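Novice: One structure is given below, represented as structure tokens, and several questions about it will come after.
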Amino acid sequence: MIEHNQLVKMCRAFIEPTSVISSERLLNGFSNDNFLIRTEQQGYLLKCYKSHWPAIGLEAQRFLSELNICPAPVWLDKKNSRAVFNYIEGNTAQSDITLSFINKLAQVHNYKASTAPMDIAKELHFYQSTGVYTQYKPQIERALKVVAAMQFDEGFCHNDLVKDNIIVNASGMYLIDFEYAQTNDVYFDLAALAVSFNLNESSDSTLLNNYKNSVDKTSTFYPSIDKLNYYKLFFLVLCIAWYEERNITSKSIMLRAQLNKLVTNTFL
């Protein structure tokens, strides 16, 4: 555990140490160690990355913060895998996905970044020996074949669009944690929203139609409930495998219930 004095020393590169009035570890992140550093003027989020240095995501946040979509990075320490962001006060999202947030998501997807597209089959096959993959292998493999023949709706995707990564306050909804961001089919982000907010079929249709109305009019995006359900399957399997690998059962139990319902209603 990093002590307060150590945190202050880490932050002296961008703030005066004597201005720090408090620090606390935030417990809602699983991939990294996150700390809230407060001065009299504002709060800062210190992220200590455990896996990789998210250069692409950090550059995207720098650009997208100017569009009021996410917090801006204010200090980067690549050598020690640390980054500091302006801290957005608020709560994690709970219920509604607002039109303004859908507009923000469309802007994220329109961000121009040169990355290799996520290979969804490769991501899933990484977990092919897990219980959840084995259980739903026929549905996964059939869905991969169908999706491969569908139009690829390319965009710069967040790729971890769960409620915990959406902050809500009086000014609106904001995205955080872009460390897995890269080019992908935008349906992956839309499926993540549908799963995280546990949307019903009617709300799924509303989500797709609102997104369609938010994208550039020259876009070829076509609302497809079938495609959304395939990507829900992919997202759920990846999340469950990731959580169960780390014994985070509180998360995996709820997602398994969603996955079972999705497969029963859609793939059987």
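Novice: Of the conditions (1) outside any helix (DSSP H, G or I); (2) in contact (Cβ under 8 Å) with a residue 60 or more places away in the chain, F188 clears all except one; give me its number.
Specialist: So F188 meets the others, but not (1).
Novice: Free of Cβ contacts under 8 Å to residues at least 24 places away in the same chain and either in the same structural domain as S100 (by TED's automatic domain parsing) or touching a Cys at 6+ places or on another chain (Cβ under 8 Å) (or both): does that describe V84?
Specialist: On the way: free of Cβ contacts under 8 Å to residues at least 24 places away in the same chain: no; either in the same structural domain as S100 (by TED's automatic domain parsing) or touching a Cys at 6+ places or on another chain (Cβ under 8 Å) (or both): yes.
No.
Novice: Tell me, please, whether a residue that is among the aliphatic types (A, V, I, L, M), part of a loop (DSSP other than H, G, I, E, B) and closer than 27 Å to K251 by Cα can be found in the stretch 61-73. Spell out the reasoning first.
Specialist: Pass one, the stretch 61-73, residues among the aliphatic types (A, V, I, L, M): 64, 67, 69, 72.
If we keep only those that are part of a loop (DSSP other than H, G, I, E, B) as well, we get 67, 69, 72.
Narrowing the set further to residues that are closer than 27 Å to K251 by Cα leaves 69.
Yes, that holds for at least one residue.
Novice: Which residues, taken from the stretch 157-185, are among the charged types (D, E, K, R) and in a helix (DSSP H, G or I)?
Specialist: Taking the stretch 157-185 first, the residues among the charged types (D, E, K, R) are 160, 163-164, 177, 179, 185.
Listed by number, the residues that qualify are K163, D164.
Novice: A further question on this structure: Are there any pairs with C-beta distances below 9 angstrom linking a residue in the stretch 195-217 that is assigned by TED's automatic domain parsing to the domain that holds N110 to a residue that is surrounded by 13 or more Cβ atoms within 10 Å (Cβ to Cβ) and acidic (D, E), with the two at least 6 apart or on different chains, and if so which?
Specialist: That search, which allows pairs on different chains as well, returns S196/D164.
Novice: Are any residues in the stretch 74-87 assigned to a strand (DSSP E or B) and either among the β-branched types (V, I, T) or within 16 Å of R12 (Cβ to Cβ) (or both), and if so, which ones? Don't jump to the end; show me each part of the working.
Specialist: Residues of the stretch 74-87 that are assigned to a strand (DSSP E or B), as a first pass: 74-77, 82-86.
Scanning the stretch 74-87 gives V74, W75, L76, D77, R82, A83, V84.
Novice: Which one of these does L236 not meet: (1) farther than 21 Å from A149 by Cβ; (2) surrounded by fewer than 19 Cβ atoms within 10 Å (Cβ to Cβ)?
Specialist: With (1) farther than 21 Å from A149 by Cβ; (2) surrounded by fewer than 19 Cβ atoms within 10 Å (Cβ to Cβ) applied to L236, the lone miss is (2).
Novice: Report every pair of residues separated by at least 6 positions or lying on different chains whose Cβ atoms are under 6 Å apart, first residue within the stretch 25-47 and over 14 Å from M10 (Cα atoms), second surrounded by fewer than 18 Cβ atoms within 10 Å (Cβ to Cβ) and of a type in the set (D, E).
Specialist: Hits for this filter: N28/D164.
Novice: Going by what's in this entry, would F152 be described as of a type outside the set (D, E, K, R) and either over 21 Å from L236 (Cβ atoms) or part of a helix (DSSP H, G or I) (or both)? If you could, list the steps in order and put the result at the bottom.
Specialist: On the way: of a type outside the set (D, E, K, R): yes; either over 21 Å from L236 (Cβ atoms) or part of a helix (DSSP H, G or I) (or both): no.
Answer is no for this residue.
The values are calculated or read from the model by the stated rules, or taken from the named source; none is laboratory data. Given the structure is predicted, the values throughout are model-derived calculations rather than measurements. We place every Cβ from the backbone using ideal geometry, glycine too, and count neighbours over all the protein chains shown.
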